[in-house]
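Colleague: I am attaching a structure below and will ask some questions about it afterwards.
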Amino acid sequence: MVVTGGSGFIGTHLVKSLQRKNAVVTIVDRNQPRVEGVDHFVRGAIEDRSTWDSLDDELPNGADILVHLAARTSVLESIKDPADVFASNLVGFHNALEFCRRHGVQRVILASTNAVVGLSGGTELITELSPLAPLTPYGASKAADEMLGSAYTECYGVRVAAVRLTNVYGPDMWRKDSIVPRLFRHAQGQGEFVIYGDGDQFRDFVYVEDVVRAFLSLAEGELAGPVSFGSGESVSVNELVALVSQVVGKELHPSHVPPKAGEMPGVRVSLERARIAGLKADVDLREGLDRAWRDFLASGSH
């Protein structure tokens, strides 16, 4: 199995799980793998054709499955620098699909996002049939990836399942700039945490090991096209701050600043298609935050 972005947060958890199953794993990433004993490693940016030339040399017979995690994922950074996010997310994924086409790889799992939908009202239930109307360059890049996946599924038999993830959190994510690690760092006095707007915007948070199990299940199946995956329960930013306060044993009182352009006011996803595919998140938010906080303390990140 080829895992692009295999040195990142989700990728590291996925690679560890694959190793426990004695799978042959090839990582494509800018950074050195964070696990030992990877069978093959190609260092490079996915938007650079030379990276894929190196992968051709490393795997002349191709692979059976490709999981595409590598991407620029920061919404705010995509607004600041759309050219960078489009190069990485569009050109990078197209390069991955071309590798699969050339080598006859028939199964691709793409890490996508519900930001492809947008839903500026924030009250609608997001389903796989919701119109694509992204609010940011990041969301637009992933929507375009899904369209590329559809084309390669139909034209070349490269069956692409696009997993529209909600907010993924869990152990070993402390280098990331997402909301949970930022809250944990704030609780330890390692930086200010601010809430954009009134804090009533809500999100679905899903534990990383649940995501890994979903990816592995899809890799063994035939589903193509988009499938939303999350916990199925959404909480507001204010509610998340209150939960983290309980977990860390310290009352947090972040300041509020004006809202950012392009932020979805609410994310509530339908998991009907995920359930039909046999995908389910088992770890609830409080338990997951407890596990993540213990890992944060044990990692020396505080």
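The values are calculated or read from the model by the stated rules, or taken from the named source; none is laboratory data. Everything numeric in this text was worked out from a predicted model, so none of it was measured. Glycine gets a Cβ as well: all are built from the backbone with ideal geometry, and neighbour counts include every protein chain shown. Accessible surface is based on the protein model in full, side chains and every heavy atom, while ligands, DNA and RNA are left aside. Shrake-Rupley method; radii C 1.70, N 1.55, O 1.52, S 1.80 Å.
Colleague: Do me a favour and compute the ellipsoid semi-axes for region 128-235 from its Cα gyration tensor, root of five times each eigenvalue, largest one first, whole Å.
Modeller: 31, 17, 12
Colleague: Once both labels are modelled 7 Å past Cα along the beta-carbon direction, what's the SER236-SER178 spacing in nm?
Modeller: For SER236 paired with SER178, the spin-label model returns 2.3 nm.
Colleague: Oh, and also: Based on the Cα gyration tensor of region 51-187, what are the three equivalent ellipsoid semi-axes, each the root of five times an eigenvalue, rounded to whole Å and given largest first?
Modeller: After scaling each eigenvalue by five and taking roots: 28, 19, 14 Å.
Colleague: Moving on. Just subtract the alpha-carbon distance of SER245 and LEU125 from 0.36 nm times their residue separation and send over the number in nm, one decimal.
Modeller: Taking SER245 through LEU125 to full extension adds about 40.3 nm, to one decimal.
Colleague: Then there is this: Under a plain spin-label model, where a point goes 7 Å from the Cα along Cα-to-Cβ, how far apart in nm are GLN19 and SER299?
Modeller: If labels sit at GLN19 and SER299, their model points lie 1.7 nm apart.
Colleague: Could you tell me the relative contact order of region 206-302? Use alpha-carbon pairs under 8 Å, at least six residues apart, and round to a whole percent.
Modeller: Reported as a whole number, the value is 48 percent.
Colleague: Does anyone have the angle between helix 9-20 and the longest principal axis of the chain? Alpha-carbon axes, 0 to 90°, nearest 10?
Modeller: Computed tilt is about 60 degrees.
Colleague: Rounded if a/c is under 1.5, else prolate if a/b is larger than b/c, else oblate: which is region 112-186, with a ≥ b ≥ c the root eigenvalues of its Cα gyration tensor?
Modeller: In terms of gyration-tensor shape, oblate.
Colleague: Based solely on C-alpha atoms, express the radius of gyration and the Dmax of region 226-278 in angstrom.
Modeller: 15.3, 42
Colleague: Moving on to the next point. How many nm is it between the label spots at PHE41 and VAL91, if each spot is 7 Å from the Cα in line with the beta carbon?
Modeller: Between PHE41 and VAL91, the simple spin-label model gives 2.5 nm.
Colleague: Something else about it: Using helices alone, what [θ] at 222 nm do you get for the chain, with -39,500 (n - 2.57) per DSSP H run of 4 or more residues, divided over all residues and rounded to the nearest 500?
Modeller: The helix contribution divided over the chain gives -11500 deg cm²/dmol.
Colleague: Using a 1.4 angstrom probe, figure out how much accessible area region 9-123 has per residue, in square angstrom, rounded to the nearest whole.
Modeller: Using a 1.4 Å probe on heavy atoms only, each residue of region 9-123 averages 44 Å².
Colleague: With an 8 Å Cα cut-off and a minimum separation of 6 or more residues, compute the relative contact order for region 1-144 in percent.
Modeller: The normalised contact order for region 1-144 reaches 22 percent.
Colleague: So what's the Cα pair-distance distribution over the chain, bin width 10 Å, in %?
Modeller: Taking every Cα pair in the chain, the percentages come to 6, 28, 37, 23, 6, 0.
Colleague: What pairs from LYS16/LYS250; LYS142/LYS260; LYS260/LYS280; LYS80/LYS142 go past 23 Å between their alpha carbons?
Modeller: LYS16/LYS250; LYS260/LYS280
Colleague: Further question on the same structure: Treating the angle as unsigned and between 0 and 90°, give the value, to the nearest 10°, between the Cα long axis of helix 92-103 and the longest Cα principal axis of the chain.
Modeller: That helix lies at roughly 30 degrees to the long axis.
Colleague: Explain nothing, just the number: relative contact order of region 91-214, from Cα pairs under 8 Å at least 6 residues apart, as a whole percent.
Modeller: Over region 91-214, the number comes to 25 percent.
Colleague: Would you mind listing how long region 37-112 runs along its three principal axes, going by Cα atoms, in whole Å with the largest first?
Modeller: 40, 25, 22
Colleague: Sticking with this one: By the scheme Lys and Arg +1, Asp and Glu -1, what is the net charge of all other residues having a beta-carbon under 14 Å from that of LEU129?
Modeller: It works out to a net charge of -2.
Colleague: Return the percentage of antiparallel bridges among DSSP beta bridges fully within the chain, rounded to the nearest 5 %.
Modeller: Restricted to the chain, the bridges split so that about 10 percent are antiparallel.
Colleague: Moving to a separate point now. How compact is region 105-154 by the rule of thumb for globular proteins, expressed as Cα Rg over 2.2 N^0.38 Å?
Modeller: 1.22
Colleague: Hey, could you grab the Kirkwood Rh for region 205-302? Inverse mean 1/r over distinct alpha carbon pairs, Å, one decimal.
Modeller: About 15.8 Å, per the Kirkwood formula over Cα pairs.
Colleague: For the charge dipole of region 1-146, defined by +1 on Lys and Arg C-beta atoms and -1 on Asp and Glu C-beta atoms about the Cα centroid, which residue among MET1, VAL42, GLY139 has the Cα displaced farthest towards the positive pole?
Modeller: Of the candidates, MET1 comes out farthest on the positive side.
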